[in-house]
Amino acid sequence: MEVEQVRLINRKRKLEEDDDLNKRLEELIKRIGEKSQESLETNLERLVDILDQEIATKKEFILSSLINNAIEQPEKITIYSTLVGLLNVKMFSTGGEFLVLIMERLSKLIDDAEWRNVQLLVRFLSDLINCNVVMGASLLRLFDTLIASATEPGVKPSMRDFLLYTVLQCLPWIGVYFNESKDEVEFERLLDILETEIEKRDKSYMPTIRVWSSDNPLPQIEYIDSLWIQIKSMRSNNWEDNWIIRPYLAFEGKLESSLQHPVPAFELPPDLEHTLFPLPSVVFRIFDTQDLPNRPEVPKLPRFNSI
């Protein structure tokens, strides 16, 4: 009886210690990128060392936590993709297992119709290309799969628009990569297909969803058209931006030493025609660039055709 009690006490203590470790790791992952006396690069290196020490026994928990936080804190997506890239440098198999886990989560989110999270997860997956985790050609194949499903005969407009927007919203993060890569021709082909599909859409619903009755002084632009205008502007400027935080640039040499992984094969479920997708909308704008005083100390508003 005493031996059994000791065994139960030890088991309880181990479970408590395990739970404490999970909470500590989760908190570290969640708070990375917050204001700190140390630089973001230093904090990333320290966190990677901590995760690397625990990943042998906590791999699924750590990788799932990275996915959860990238979805819950999309402003930190590039930070979490950098973490994954640095873990991939330390242990190549981790990167491949992470991609499998992402695609499993993607399927689950689609089954649950969590459309906003679907788009954030695809964006996160796309940004991994900047950290040398994902093969460019395989990411383009995933995009081709989504676009092919969007352009099938008889597909309902809401599903088509959702899939097109899912691909479009990734482009600001990855355009600069493909602009300088061996897959540039295939990327340009993808852009041409997107442009064709965007231009052929029927938008007869526009009068019913517009915010203002007039386009003066601010144009009423449907959400996909608005993003496409902004993307074309980025494209004409060689995809340069000054608003995406890209911490992986500080680790460029280290990340280039790792190997890339292909995105696992993916197919959309066949019964999505009966699923409710987000409805179209107009991008709501209330201020124009001329609405602020023209003084040096006053920040300039971005124009509607810029992100």
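Can you flag which of 76/200; 30/232; 30/90; 156/182; 76/254 are past 29 Å Cα-Cα?
On the way: 76/200 35 Å; 30/232 34 Å; 30/90 21 Å; 156/182 35 Å; 76/254 21 Å.
Checking Cα-Cα distances, 76/200; 30/232; 156/182 exceed 29 Å.
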*For region 245-303, what is Rg from Cα atoms divided by 2.2 N^0.38 Å, rounded to two decimals?*
2.18
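When only C-alpha pairs under 8 Å and at least 6 residues apart count, what is the relative contact order of region 169-307, in percent?
Computed over region 169-307, the figure is 36 percent.
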*What label, among (1) 1.05; (2) 2.73; (3) 1.16, belongs to Cα Rg over 2.2 N^0.38 Å computed from the structure on display?*
(3)
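I need the per residue convex hull volume for region 160-307, using only the alpha carbons, in cubic angstrom as a whole number.
169
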_Just to verify a number: FRET efficiency for residue 188 and residue 214, C-beta to C-beta distance, R0 = 41 Å, to 0.05?_
0.65
_Report the gain in length on full extension from residue 265 to residue 250: 0.36 nm times residue separation, minus Cα-Cα distance, nm rounded to one decimal._
2.3 nm
*Roughly how many Å is it from the Cα centre of region 56-108 to that of region 118-179, as a whole number?*
18
*Mind running the shape call on region 121-245? Use the C-alpha gyration tensor, a ≥ b ≥ c as the square roots of the eigenvalues: rounded below 1.5 for a/c, prolate if a/b tops b/c, oblate otherwise.*
oblate
*According to the Kirkwood expression over distinct Cα-Cα pairs, how big is the hydrodynamic radius of region 147-216, in Å?*
14.1
*When N counts the residues of region 203-245, how does its alpha-carbon radius of gyration compare numerically with 2.2 N^0.38 Å, as a ratio?*
1.49
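Give the average over all directions of the projected area of the C-alpha convex hull of region 21-100, one decimal, in nm².
It is 4.9 nm².
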*Give me the angle, in degrees from 0 to 90, between the Cα long axis of helix 2-31 and the longest principal axis of the Cα atoms of the chain, rounded to the nearest 10.*
30
_Going Cα to Cα from residue 108, which aspartates and glutamates come in below 18 Å? Please leave out same-chain ones fewer than 8 positions away._
60, 72, 97, 267, 271, 273
*asked:* From the helices alone, meaning DSSP H stretches of at least four residues, give me the mean residue ellipticity at 222 nm for the chain, per-run term -39500 (n - 2.57), in deg cm²/dmol to the nearest 500.
replied: -19500 deg cm²/dmol
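Taken together, the values in this text are just the output of simple stated rules run on the coordinates, not laboratory data. Fair warning: this is a prediction, and the values are worked out from it, not measured in the lab. Don't worry about glycine lacking a Cβ; one is built from the backbone with ideal geometry, like all the others, and counts go over all protein chains shown.
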